[in-house]
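For reference, the structure is listed below as structure tokens.
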Amino acid sequence: MAFLPFHVPGAKTPRILIIGGGYAGLAALVSLRRHRPEAEITLVDPRSHHIKITHLHETFRRPLEAFRVPFADLGEQLGFRHVQAEVRMEDEDLRRWQVERCLQLADETLEFDCLLLASGMALPPPGTREGELSLADFCGYSGYELLERHLARSGASDAGISVVGGGATGIQFLFEIAAFLRQRGINGPLRLIDAEPRVLRQFAPEFGRYVVSRMRLKGIDYLPRTYFRGQQDGVVHVEDAESGQVSELPSALTLLFPGQTPVRRLQVNAFGQVRLGGHLLTQVFAAGDQSVYAGPGSNSATAQSAVRKGRLAARNILRHCGLLPVLEPYLHRDLGYVVSLGPDDAVGWLGLQGNVVGGTPALLIKEIVEAQYDLLLSGIDTYFI
């Protein structure tokens, strides 16, 4: 909750430009609209839809459209203009935007009083080789469509499926695929290939132990300390990280989740303003995964942090545009995190990272968090802490 005096509006209607329509960008937009309904807001994003990217693993049992919201619909509901365009963000661009306060696109110029950079992680390209998929593929097609298409093409539904990457994304896709195969009576091998010595290394060891125990129960093969070397002609090539031995395993399909990287990393002060080469860009704010805030606030690459950064940046933009530019520092600490393990299981932590919960309690936390974000998209902000 904002704890400093909120903004004192000036006579001029603020013009605010947001680049990036992910979690941070939309959280900022809702906050701007809530606190300054008359503000002129423009959102620039290359996609036509906002994608709840942290839910794409659920498209093995739910349609993709459940997790894609057209910007046209959101714009009508929340009162902003969407411009579908890709924007490059080099250092010279940031400096120019600070001085000129306008963004030049191919066919128009967008003027603003404050700019919010809210681009998130850069997705890896779609799978380019036969039998390989990446997260980008799931932005355009549902999981069950992609899996059934590739299994039908391979002509061997029991030839095996490999998932590469033991982070949260890889784990969540792995368990959804296990449920999908079980429901269809497909008994081919399912395996996790991970270069790390344990899954979910960013969390307490109890996280990984819980996940590995569930993999054993579901008959999922686990290959830690193993490098993925390629998928070709119905086999996956892997290399043991310690011995260097290369082997082949039957695999009709490999899903690649090596982790995501930010579009670029922006150093940001505690109030959300971008620092560039020792200079503070007072009109240019940043939020989301690409921003590294100074101070004790969380910089984790999670939707939770992205939403909190977006909301704070929005409040400070309004203060900066108002008559009392007293800005609020970013102090948010992560309250918990939940990893889905299929339709009926999950593991997470709440309050303290050592406080690990699994099963029904974790599923309940997950449902509450999802409902909170859905409310935000409808214009109802329930993020009080």
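General remarks:
- In the chain, helices alone account for a calculated mean residue ellipticity at 222 nm of -9000 deg cm²/dmol, with every DSSP H run of four or more residues adding -39,500 (n - 2.57).
- Normalising the average separation of contacting C-alpha pairs (under 8 angstrom, six or more residues apart) by the number of residues puts the relative contact order of the chain at 21 percent.
- Interchain or long-range residues, amide H under 5 Å from Gln232's placed H: His237
- Histogram of C-alpha separations across region 49-206, 5 Å bin width, %: 1, 7, 13, 16, 15, 12, 10, 9, 8, 5, 3, 1, 0
- Averaged per residue, the chain has 44 square angstrom of accessible surface, using a 1.4 angstrom probe with ligands and nucleic acids left out.
- When its C-alpha radius of gyration is set against 2.2 N^0.38 Å (N residues), region 269-385 gives a value of 1.23.
- Rg to Rh quotient for region 1-89, alpha carbon positions, Kirkwood Rh: 1.04
- Highest-first packing order for the peptide set 160-170, 302-312 is 302-312, 160-170, based on the mean count of other beta carbon atoms within 10 Å.
- Largest first, the three principal axis extents of the alpha carbons in region 225-321 are 60, 26, 21 Å in whole numbers.
- For the chain, the dipole from Cβ point charges (+1 on Lys and Arg, -1 on Asp and Glu) about the Cα centre works out to 900 debye, to the nearest 20.
- Base-10 log of normalised Debye intensity for region 127-275 (one unit scatterer per alpha-carbon) at q = 0.17 Å⁻¹: -0.97
- Relative contact order of region 300-350: 25 percent, from C-alpha pairs under 8 Å at least 6 residues apart in sequence.
- By DSSP, the beta bridges lying fully in region 1-83 are antiparallel in about 25 percent of cases.
- Across region 315-385, C-alpha contacts under 8 Å between residues 6 or more apart give a mean separation that, scaled by the residue count, equals a relative contact order of 18 percent.
- Positive-pole candidate from Leu135, Phe271, Ala27, dipole of the chain, charges at beta carbon: Phe271
- When DSSP beta bridges are restricted to pairs lying wholly in region 166-281, around 85% turn out antiparallel.
- Accessible-area composition of the chain, carbon plus sulfur, in percent [1.4 Å probe]: 53 percent
- Pairwise Cα separations in the chain fall into 10 Å bins from 0 onward with the following percentages, short to long: 5, 22, 30, 23, 14, 5, 1, 0.
- Calculated from backbone phi, Karplus (6.51, -1.76, 1.60) coupling profile of region 49-66 in Hz, x at Gly/Pro: 10, 7, 10, 7, 5, 6, 10, 5, 5, 6, 6, 6, 9, 9, x, 4, 4, 5
- For region 217-224, 3J(HN,Hα) computed residue by residue from phi via the Karplus equation (6.51, -1.76, 1.60; θ = phi - 60°) reads 4, 9, x, 8, 6, 10, 10, x Hz, glycine and proline entered as x.
- Rounded to the nearest 20 debye, dipole of region 133-268 from Cβ charges on Lys, Arg, Asp, Glu: 400 debye
- Karplus (6.51, -1.76, 1.60) ³J(HN,Hα), θ = phi - 60°, over region 348-363, in Hz, Gly and Pro reported as x: x, 10, 9, x, 10, 4, x, 8, 8, 10, x, x, 4, x, 5, 4
The values are calculated or read from the model by the stated rules, or taken from the named source; none is laboratory data. What you see is a predicted model, and the numbers here were worked out from it, not measured in a lab. In this analysis, Cβ positions are derived from the backbone assuming ideal geometry, glycine residues included, and neighbour counts consider all displayed protein chains. Note: areas computed on protein heavy atoms with side chains; ligands, DNA, RNA excluded. Shrake-Rupley method; radii C 1.70, N 1.55, O 1.52, S 1.80 Å.
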